[in-house]
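The structure appears right after this line, and notes come after that.
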Amino acid sequence: MKSILIVEDSAMTRAMIRTALENIDDCEVEIIEVESGFEALRILPSREFRLILTDINMPDINGLELINFVKSNPTYRNIPLIIVTTECREEDRNRGMALGAFAYITKPFEPEALQKLVQKALEE
Amino acid sequence: MSEAREEFVSEAEDLLRETEDGLLDLQETLSKGCNPDVLNGVFRSIHTLKGLSGLFGQRGILDLSHAMETMLDELRLGQRELTEATIAFLLKNLDILKKLLGEIFKEGKELTSVDAALEEIGKFRDEGKGREKEVKNEPGCLTGIPEEITKVLSEYEEHRLRTALKKELCLVTVEAEFELVSFEEDLKGLIEKINQLGELIATIPKTLGVLPGRIGFDLLVALNTSLSKAKEALKLWSVNELVPSPPEPETTSSILPAVNIPTKPGEEIIQEPLLKSGSSTVRVDIGKIDAILDTVGELMLAKGAVSRIGAEISETFGFGPFSVDLQKVSRILEKRLEELQNQILEIRMVPVRQVFSRLNRVVRRYTRDKGKEIDLQLFGGETEVDKLMAEEIIDPLMHMMRNAIDHGIEPAEERLAAGKPVTGVITLKAFPKGNHVVFQLTDDGYGIQPEKVLAKAREKKLIAENQTLDHDGIVKLIFLPGFSTASSVNDVSGRGVGMDVVKEKVSSLGGFIDVETEPGCKTTFTVTIPITLAIIKAVLVSTAGETMAVPMASTSETLSIEPDMIQHIEGKEVIELRGKMLPIVRLAEMFWLYHDRPRERYFVVVVGFGGRRIGLLVDSLLGQQEIVVKPLGERLEKIKGISGAAEIGKYKVILVLDVESLMEEAMLSSQTIKADSDGLGA
């Protein structure tokens, strides 16, 4: 079972992402949802995550800070991150990519597009 | 409604409420400068709403929230100045969003077109273009800030940093390290301290040099105070200066009034935390909590059976070790069930601040529309009340508030002539009182003129020509159906509903309403409602073979009487209670129940508060019980005297009495007795 972490403060968006991920063929995943960056920091050591999907604009720490944290930590640095954000935040998205994110997808997204991206990230 | 849609509407509602609260907060504090955290909060809410509506395919909300987000983004990044007009404009568009959401809730889809609104936003943005404040990404601004910090800042954080640099504030990083398992609480504590000292720009988690099981943070802070003060306040952590501020730190503190905004005296202080907590809350449908309450109600019944069996065993077989054990267990069960019930009720509690903020909005808009100057003072926002109660009480309060603005507070010229300050004051206080919450709404306007009320009541034939009433009695006539002092129907309060509707609503919630007035000076309406309707203590009574429940909260005592103690005054039945006349209502007659033979002994349940009391005559008292009150449904809810039904024992359903409306019936018919004997005093 592959564990995937979703970091996103909107419950609805989390649910949408979860539905998309649960419907990936031939791939059993365990999906952990958290609603803030702080929670993400706390849950990270609890298991071996294979992928993190994160929003940028969050209340406590922003997604960029989370990406940087993951990428600069020897234990986590191999976990790919996908940025899930709205199309207008281009500047933030670029910064996230510069910090080492694997890919980004803009909201609203097609479930198939997210599924493809996730599959690709899991193959890495 | 589909579950997904329900979830969407619920989350969107929350976001709109947050947006509204934020905008109102900004409006209130604008004169002291724009609070960047509140503005960012508003941006975030609309941003989230946009993402949400996009995922859910709600085109209208998506487009409109997108346009608003763009505007808010410009505002928070300082590319546009926040003005009173901008806030009003945003509030106007917020209303459209609310309307759309209402349509989705009711009709399942958006009906209103947002084209006009989008065009207006376009125009509004074009008009503001000339006033753009700051050019994006000014070069060379971030010297002195290490790259490992700048590279993780979001665009917004970078803007806050630039603003701080421009204001020549002293920039520091605070290094902190906590246990991973409990860092949120500790970090929150530190952030609270930092908020006293300046603005927290970014919270950056770090890995390097931190022990396993712990987590480190660099907090980037723009200080409002001197470095030495900050170091003193944060002496448990290490504070490193990145960019020093120029000398004279005193002057800098007045430049950035964004933190610790002083509020006007009397105004409720709603502290906007700098960072929303990464809270561990869950949103639960109230229906689910009700289902748990039902189960607890059934457990209560089962517990009742257990203790009854226990009593029977000891009666039949005497006190053996088994019956003692059984009693012990049943007591523990009772105690735990009570705890469980209280815990569930607590979950349903919300602070009335939620109600206040919605009222606040109405007042602002109406005062603007009516051209009256009104200072709304709200107290006791922290008072807690059941979520459903909070929802139900909004309309009555809203109506009373509109009344106060419309009929209570005089126009400016009249106020001046009367020697009053131009600005009218409306105070709304909430406070707990036993198992009730009291709302007190006072306006310092006209007051209620008894002569006018009396004349109107006579004209409308609501009272007999020759009927005499005392001051209080007259003022209370405004609660009679069909009474309305407004001679014209207007936009604000005259929507065809009067105080009678307010009273009816309050009464259906098991509450009471009262009014006091000093003509020419002020009027105070006092609304008292139970904290919760979900579970109440009730006295079970039996009359003509029917069992009914009288809410304990409105019961003051029970009496046992013989038939000859009932006296007749002008055809009404009364009994003497401690030297005063107490009107009697025969419950059986009230509900047209079959009358059996006269009895040798009756029981009277005395209900009501203060001087307004009546006695309900019943055949027997069955005891006290906690009951879960259920609404009767649309067809039956209009029946006077009944507020709901409850299940007691297996499959036995009884009616729960609405004491207020029963009293009303009784008081109306005993009006003359009251005037004659004056024994009851209204």
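Computed from the coordinates by the stated procedures, all read-outs in this text should not be read as laboratory data. Given the structure is predicted, the values throughout are model-derived calculations rather than measurements. Glycine also receives a Cβ, built like all others from the backbone with ideal geometry; neighbour counts cover every protein chain displayed.
A few points about this structure:
- Phi-based couplings in Hz for segment B:447-452 (Karplus 6.51, -1.76, 1.60; Gly and Pro marked x): x, 9, 8, x, 4, 4
- In this structure the amide hydrogen of B:Gly380, modeled in the peptide plane, comes within under 5 Å of the amide hydrogens of B:Ala430, none closer than 5 places in sequence on its chain.
- Folded to 0 to 90 degrees: helix B:59-76 orientation relative to chain B principal axis, Cα: 50 degrees
- Crossing angle, helix B:659-669 versus chain B [Cα axis fit, 0-90 degrees, rounded to tens]: 50 degrees
- Average 1/r across all pairs of distinct alpha carbons in segment B:286-347, invert it, and you get the Kirkwood radius: 12.6 Å.
- Across all Cα pairs in chain B, the calculated P(r) in 10 Å bins from zero up to the longest distance comes to 2, 12, 18, 20, 18, 13, 9, 5, 1, 0 percent per bin.
- Per-residue Karplus couplings for segment B:284-301, computed as 6.51 cos²θ - 1.76 cosθ + 1.60 with θ equal to phi - 60°, are listed in order as 10, 4, 5, x, 5, 5, 4, 4, 5, 4, 4, 4, 4, x, 5, 4, 4, 5 Hz, Gly and Pro entered as x.
- Calculated FRET efficiency for the pair B:Ile292/A:Asn23, C-beta based, R₀ 41 Å, to 0.05: 0.80
- Cα lying deepest toward the dipole's positive end in segment A:2-123, options A:Phe38, A:Thr75, A:Ala121, charges on Cβ: A:Thr75
- Peptide ranges B:207-217, B:448-458 listed from the most packed, as the mean C-beta count within 10 angstrom indicates: B:448-458, B:207-217
- Cβ crowding within 10 Å, taken as a proxy for footprinting-reagent exposure, orders B:His159, B:His399, B:His568, B:His47 from fewest neighbours to most as B:His568, B:His399, B:His159, B:His47.
- Inter-centroid distance (Cα atoms) of segment B:215-241 relative to segment B:355-424, Å: 43 Å
- Calculated over chain A: convex hull of Cα atoms, volume per residue (Å³): 91 Å³
- Whole-angstrom gap from segment B:425-488 to segment B:192-209, using each part's C-alpha centre: 55 Å
- Extension gain, B:Lys167 to B:Lys229: 0.36 nm times the residue separation minus the Cα-Cα distance gives 20.4 nm.
- Sequence-distant residues sharing a close amide H with A:Met58 (under 5 Å, placed H): A:Gly63
- Reachable aspartates and glutamates, given that their alpha-carbon falls under 15 Å from the alpha-carbon of B:Lys166 and they are not under 8 places away in the same chain: B:Glu134, B:Glu138, B:Glu157, B:Glu158, B:Glu199
- Efficiency of FRET between B:Glu382 and B:Glu13 - r from beta-carbon atoms, R0 30 angstrom, step 0.05: 0.85
- Fully extended contour minus Cα-Cα distance, from B:Leu242 to B:Ala311, at 0.36 nm per residue: 17.2 nm
- Whole-Hz couplings from phi, Karplus 6.51/-1.76/1.60, listed for segment B:598-605; x for Gly and Pro: x, 9, 7, 8, 10, 10, 10, 9
- For A:Thr86, the residues whose amide H sits under 5 Å from its own are A:Lys107, ignoring neighbours fewer than 5 places away on the same chain, with H placed 1.01 Å from N.
- All-pairs alpha carbon distance profile, segment B:3-131, 10 Å steps from 0, percent: 13, 47, 31, 9, 1
- Each eigenvalue of the Cα gyration tensor of the protein assembly as shown, multiplied by 5 and square-rooted, gives one semi-axis; in descending order these are 57, 36, 24 Å.
- Neighbour-count order for B:Thr48, B:Thr526, A:Thr86, fewest beta carbons within 10 angstrom listed first: B:Thr526, A:Thr86, B:Thr48
- Between helix B:387-403 and chain B: long-axis angle, C-alpha atoms, 0 to 90°, nearest 10: 90 degrees
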